[in-house]
1. State the number of residues belonging to the stretch 44-61 that are in a loop (DSSP other than H, G, I, E, B) and under 16 Å from Trp73 (Cβ atoms).
2. For the stretch 81-95, how many residues meet the condition of being surrounded by fewer than 18 Cβ atoms within 10 Å (Cβ to Cβ) and either in contact (Cβ under 8 Å) with a residue 60 or more places away in the chain or closer than 10 Å to Leu70 by Cα (or both)?
Amino acid sequence: MPRSNRPRNAKRGGDDDNDDGFERLTTGWRTVEHRRNGDWNVQPISALQATKEYVCPGCSQTIIPGTAHLVAWRADGVLGDGADLAARRHWHSHCWRIGF
């Protein structure tokens, strides 16, 4: 009998459009940090996970693919979790640490 190369635990019937959704971003090593301007959800992104180019709002420099960094979004926004998540920003770890 020929071997099947299909993964046995693969999802069927696809919710694949929601890969960057709220569930994925709120799981993992996310923490809540308290800053002078409110509470922020902060999630580290490893170098292997960093596949796109972003502009850091702290220094206005490019975060190149393959660079570990942080993603931050409001934890106490008034418009709800969906709006806060849509307004998330990618920061250099150092820029986030020195504050804004």
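Where a number appears in this text, it was derived from the coordinates with a stated rule and is not lab data. This structure is a prediction, so every number in the text was calculated from the model and none was measured. Here Cβ is always computed from backbone atoms with ideal geometry, including for glycine, and neighbour counts include all displayed protein chains.
1. Filtering the stretch 44-61 for residues in a loop (DSSP other than H, G, I, E, B) gives 46-53, 56-61.
Still in the list and also under 16 Å from Trp73 (Cβ atoms): 56-58.
Of the residues in that region, 3 qualify.
2. 5
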